Structure formats: structure tokens, C-alpha cells
Amino acid sequence: GQLPTWLQGILLRNGPGMHRIGDTTYNHWFDGLALLHSFTFKNGEVYYRSKYLRSDTYNYNVEANRIVVSEFGTMAYPDPCKNIFAKAFSYLSHTIPEFTDNCLINIMKTGDDFYATSETNFIRKINPQTLETLEKVDYSKYVAVNIATSHPHYDSAGNILNIGTSIVDKGKTKYVLFKIPPSAPEKEKKKSCFKHLEVVCSIPSRSLLHPSYYHSFGITENYIVFIEQPFKLDIVKMATAYMRGVNWASCLAYHKEEKTWFHFIDKKTKKEVSTKFYTDAMVVFHHINAYEEDGHIIFDIIAYTDNSLYDMFYLKNLGKDFEENNKLTSVPTCKRFVVPLQYDKDAEVGSNLVTLPSTTTAIKEKDGSIYCQPEILCEGIELPRINYDYNGKKYKYIFATEVQWSPVPTKIIKFNTQTKEMLHWREDHCWPSEPIFVPSPDAREEDDGIVLTCVVISDPKEAPFLLVLDAKTFKELGRAIVDVEMHLDLHGMFIPEKDLKTETE
């Protein structure tokens, strides 16, 4: 096919690539050593390259020819200790874990720089053109967090917003919202932008020893949307996991009898909205988008009724009949919540405070808290992306993979949140990755542009490829076939040519 002539830049992707080192194997697919890969678009041609992230974790493991650094789903025991003192010391040093820098989930842009990210306090700078691994940054040197999301947001000024958890810091466990400027101020050009990181606000965890797990958050023009869900990390179990010979993932538990709490932070005042908003128990990995309308915040998420998704990806479950044998016990559901920030304070208990035309409800309870019931937009989609120019604004389109009851994506879809129409692309044996929308330079409408996805093929005789779809019609424009073994990946980003530093710079 033909690629649009304006498509110039790099599609950068990240995900787990190596699951076996020497005689040792990771327990979980999400633990594999990070493999970066890129497609460079130049004058109608596509160039592919891939490279393992040369993290400290990668280097230690490869040098030892076995797994010596623990990952979330795999606890490693590097040195069978000689004596009892060394052993006791080794256990103690693992209570606050020395986390891995195997940054395998996403790519983040900071000013002119790019970083591979995961959910620990480490990120790794990379060169998007050569995929070389550069310096390691430790968030905890600049802000008291032990873990942070790999789905930051970017505002119009280029600042990055992200959330991390500070575990039992000064006797408190809290969620910390922080902002990183795109560059250091003029007079401090030599310094890193991380030195100017600023804490926007912190939200105390409802439980000191059981903070919520979260993978992403939402943002509107004036607010930050954070969901505190009953899918929680048990800090005491985590501190003793090494001694007990279990992995950290086993310290996560879903409490289905508890509520899910919504927090809204006002960006200007840096304070949380005082009303307590909640809904039923759910597990959320991905926020899609959020926006404001007539005193309400509307946000769309993908929710599950349990945490079976994570368990699916233990390697023991990923055998050859993976698709047939593995069924999610909860199908991903795209839910829309409408939350009234401005409402009649004298409204009766039991009344619905949503005044927008919508099937969602927000019911006032006796204690003044507000119980929110969502509208279900559609089911069976994951890895959602939008036209990021519409982030935090009223929008129409979600681009996603379709998963249904098996966690393997089989289709790419475009969903219209207003009309509920769905377009899709699929082919036999094809497993597409997260679709990335790239707007055309003269875009007038939200879906003026193309969608890029890497397609892995389950038929060993066929080669994987990069697929380019017209975002409006969902018709195929072209594909670039890659004659190498390509892995299913997680997330990534498209970097337009103008955002790439030239080699001389």
C-alpha cells in the first residue's frame, strides 16, 4: 500500500521481550526484560529496529546468566547466603524492596528527551533513533514515592503530570501527584528538569498498610481524576515476601465487598473536592478520557469485576492452547461515570444529582456521600487510545483492541462514544497491539489521521507487520512486513519528526 507523505517520524514501542535467562525463567509475562522496538517513517519508507533496554537489571541478569533481580511476579534469590548473619541482613534489606529498573511498560516524553517507564521509581532515558539506553533516573531522589504510574499526562505547556504512592513515609501512606516541567529554567540549563519537580498535592490512603493499586489516572481542563480502588497492595506482606519465598504480586488482593472511591483534585487550588464520591468495587487499569460539562466531570474507564486479568499472564498459563484454555472471568467493560461537582446542596437524600441528559446516576446518600452508577458504553475492549489533542476535552472516538473473554487481542476497533457505532479491522491469526492515533497535519476533525498498530501472527509461517489504517474509514492504507520474530508489546508513542533532536544536537 501507500503511506501518507506527511507521515514522518518514529513509532516507538515497549514491552517484555526476554523471559528466560540461563536455566531460569520468569513466572509472569509482565516480568520479561524490556524490548524496545521502533518503526521509522521517512519519505514513504519504513525502517524497523529493536533492542533490549540495557537496564542495570538486564546487565546483572545477563552477567550472572540467571535471574538475580526480582520483578513483580518473580522473586529472585541472588546469593545463597553463607552464614546466618548475612542471611538475616539480606532479608532485612528486602523489606523496602530495591526495585528493578526493567522499564518495560511505556515511553514518556520529557521536554526533548524520552524515557522507558514501568511502575517502579526508576525510569531509563533512551535515544529514540538508535534505541540506546542512557542514564537512569530515580524519582525517589526528587519526590517521596516508591512506585509511580507509567501513564503520565501532558498539559498544553508540556508539563508532565504523574501519580506515585509514598509508602508509610513519616507514618503515612499517601498518593502523591507531581508535576515535571519540560525543561529546567534558562539560568539552570545544565540541570535536569527533575530537579524542578513539584508536588501538586497528596491524598492520604484510606488505609495505612493497604494502598490502592492503580495503573493510570484521568485529567480534565481543571481537575485530576484519581480512582482509589479496592484492588490493594498489602505492605506487611510485601515487606515479608522475600523471607516467605513468594512474589510481590501475591501481595495484591481484591476486596470485592469494599467501595471504589473517586478523588478529584482542583489543579488551580491544588486541593481535593471535599464531597465523597464512590461506586461499587471494580478493578481499573486504563482511563480513556475525562472532561467537564455544565458542572459535571465525565470520565470513561475500562473496568473489571475481578483481578483475573493479571493471573492470566503467568507463564504457566500461556501454553500452546492459551487462547482456548484461558477465559477471563470478568470481561473488560467500558464505563462512563458522570459526577456532579456543582449540585443543589439541599437536594433530597435518594435523589439523582446528574442534570445532564444521561443514563448515569449520582445518588445522594444519608451521610452526604454520593453513590455513582455508570453507563456501559461497550464491552470487550482494552488498550484504549484517543486523539491526544482531545485529552481532557469532550471527545467522540476511542481506538482500542478487542479482547472479549480471552486476553489475546484479535481486532482493532474504533468506537464512537456518541453514536455507539463500532468499526473494526481483523484478520485470521492476527494479534494487533495497542493502536496509536496520529493526527494529519491539517486535521479539521477528531478522526483526521491514521492509526498505527504492530501485528503479531500466531501462524509461525507468516511474518508480523506494521499496519497503517485510515482513522476515518478504518480501511487499510498499507502494511510493512517485518521478517523477524516480533513480540506482543504493551504501550508506546508516535514521535513526529519535529520532536526528534537531530544527531548533531
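Values for this structure:
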read-out: Positive-end residue of 433, 43, 152, charge dipole of the range 9-499 with Cβ unit charges; value: 152
read-out: Phi to ³J(HN,Hα) by Karplus 6.51 cos²θ - 1.76 cosθ + 1.60 over the range 151-163, Hz, x for Gly, Pro; value: 10, x, 10, 10, 9, 5, 8, x, 5, 9, 10, 8, 10
read-out: Extension gain, residue 393 back to residue 266 (0.36 nm per residue minus Cα-Cα distance, nm); value: 44.1 nm
read-out: Per-residue ³J(HN,Hα) for the range 10-23, Karplus 6.51 cos²θ - 1.76 cosθ + 1.60, θ = phi - 60°, Hz, x for Gly and Pro; value: 10, 8, 10, 10, 9, x, x, x, 10, 10, 10, 10, x, 9
read-out: Backbone HN-Hα couplings from phi across the range 195-211 [Karplus 6.51/-1.76/1.60, Hz, Gly and Pro as x]; value: 5, 9, 4, 10, 7, 7, 5, 10, 10, x, 5, 5, 9, 4, 9, 9, x
read-out: Value of [θ]222 nm, deg cm²/dmol, for the chain, DSSP H segments ≥ 4, -39500 (n - 2.57) each, nearest 500; value: -2000 deg cm²/dmol
read-out: Cα→Cβ-extended label distance, 7 Å offset, between residue 25 and residue 253, nm; value: 3.0
read-out: Heavy-atom accessible surface of the range 409-505: percent carbon and sulfur, 1.4 Å; value: 49
read-out: Peptides ranked, highest mean first, by Cβ atoms within 10 Å: ranges 230-238, 20-28, 260-268; value: 230-238, 260-268, 20-28
read-out: Cross-link reach list, lysines versus residue 141, counting only Cα pairs under 23 Å and skipping chain neighbours closer than eight places; value: 109, 125, 170, 172, 174, 179, 187, 189, 190, 191, 195, 270
read-out: Amide H contacts of residue 297 (H built 1.01 Å from N, under 5 Å, at least 5 apart or other chain); value: 339, 341
read-out: Solvent-accessible area per residue, Å², over the range 9-499 with all protein chains present [probe radius 1.4 Å]; value: 44
read-out: Sequence-distant residues sharing a close amide H with residue 126 (under 5 Å, placed H); value: 114, 115, 116, 134
read-out: Pairs of Lys in the range 349-504 closer than 16 Å at Cα, counting only those 8 or more apart or on different chains; value: 8
read-out: Cut-off under 5 Å, modelled amide H: who pairs with residue 68 long-range; value: 61
read-out: Carbon + sulfur, % of accessible area of the range 126-272 - ligands and nucleic acids excluded, 1.4 Å; value: 54
read-out: Burial ranking of peptide ranges 65-75, 282-292 (average Cβ count within 10 Å, highest at the top); value: 282-292, 65-75
read-out: Dipole magnitude of the chain, debye to nearest 20 (Cβ charges: Lys/Arg +1, Asp/Glu -1, about Cα centre); value: 1340
read-out: Net charge of Cβ neighbours under 14 Å - reference residue 136; Lys, Arg +1; Asp, Glu -1; value: -3
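The values are calculated or read from the model by the stated rules, or taken from the named source; none is laboratory data. Here the structure is a predicted model, which means the values were calculated and not measured. Counting neighbours? That spans all protein chains shown, and the Cβs are built from the backbone with ideal geometry, glycine included. Note: areas computed on protein heavy atoms with side chains; ligands, DNA, RNA excluded. Shrake-Rupley method; radii C 1.70, N 1.55, O 1.52, S 1.80 Å.
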